[in-house]
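Here's the structure, in structure tokens; my notes come after.
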Amino acid sequence: MRVMLRAHMDTAATNEGIPTGALPHAVRKLMDTVKPEAAYFGLDEGVRSCWMVFDLQDSAQLPSLTWDLFQQFNAEIDVAPVMTAEELATALGALRSS
């Protein structure tokens, strides 16, 4: 299933993690693991945030995937299923025919 992970990270924790390299390491580790089709970084609700879209094979992966962000950066994480425009068109077509 394709999902979008959004992580809001604590400012004080990320301020510490930038000069030590912990933040870029944690982000790179996550990206190397999930191989996102898209990844964006910026501010959301006034805090450092990232958004990644990737295929999640098994929901049991989530604890290990998000551990560093929770543990080191006090992240608030949301994960939601998403689909492409083509997938949406297929889904809507199936609704019309039912």
**OP:** Consider the candidate values (i) 15, 44, 25, 11, 4, 1; (ii) 16, 40, 25, 12, 5, 2, 0; (iii) 15, 47, 30, 8, 1; state which one is P(r) over Cα pairs in 10 Å bins from 0, in percent computed from the structure displayed.
**Re:** (i)
Original post:
For the charge dipole of the chain, defined by +1 on Lys and Arg C-beta atoms and -1 on Asp and Glu C-beta atoms about the Cα centroid, which residue among 17, 3, 85 has the Cα displaced farthest towards the positive pole?
Top reply: 85
Original post:
How big is the charge dipole of the chain about its Cα centre, in debye rounded to the nearest 20, if each Lys and Arg gets +1 on its Cβ and each Asp and Glu gets -1 on its Cβ?
Top reply: 160 debye
**OP:** Considering only protein heavy atoms, with the full assembly of protein chains and a 1.4 angstrom probe, order 1, 31, 83 by accessible area, largest first.
**Re:** 1, 83, 31
**OP:** Would you mind putting 33-40, 9-16 in packing order, based on average other-beta-carbon counts within 10 Å, highest first?
**Re:** 9-16, 33-40
Original post:
Taking amide hydrogens as modeled 1.01 Å from N in the peptide plane, which residues meet the under 5 Å criterion relative to residue 82, leaving out close sequence neighbours?
Top reply: 2, 3, 4
Subject >> Degrees, to the nearest 10: 85-97 long Cα axis against longest axis of the chain >> reply: 40 degrees
Original post:
What 222 nm value per residue comes from the helices of the chain, counting each DSSP H run with n ≥ 4 as -39,500 (n - 2.57) and dividing by all residues, nearest 500 deg cm²/dmol?
Top reply: -15000 deg cm²/dmol
Original post:
So how do 48, 6, 28, 96 rank on accessible area, 1.4 Å probe, biggest first, that is with the largest at the start?
Top reply: 96, 28, 48, 6
**OP:** With a probe of 1.4 Å, find how much accessible area region 42-82 has per residue, and write the answer as a whole number in Å².
**Re:** 61 Å²
Original post:
Relative contact order of the chain: what whole-number percent is it, with Cα pairs under 8 angstrom and at least 6 residues apart?
Top reply: 44 percent
Subject >> Listed residues 51, 67 arranged by accessible area, highest first, probe 1.4 Å >> reply: 67, 51
Original post:
Taking all protein chains as present, what is the carbon and sulfur share of the accessible area of the chain, in % to the nearest whole number, probe 1.4 Å?
Top reply: 57 percent
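The values are calculated or read from the model by the stated rules, or taken from the named source; none is laboratory data. Values in this document were obtained by computation on a predicted structure and should not be read as measured data. Cβ coordinates were reconstructed from backbone atoms using ideal geometry, including for glycine residues, and neighbour counts include every protein chain displayed. The protein model used for the area step is the full one, side chains on, heavy atoms only, and it has no ligands, DNA or RNA in it. Shrake-Rupley method; radii C 1.70, N 1.55, O 1.52, S 1.80 Å.
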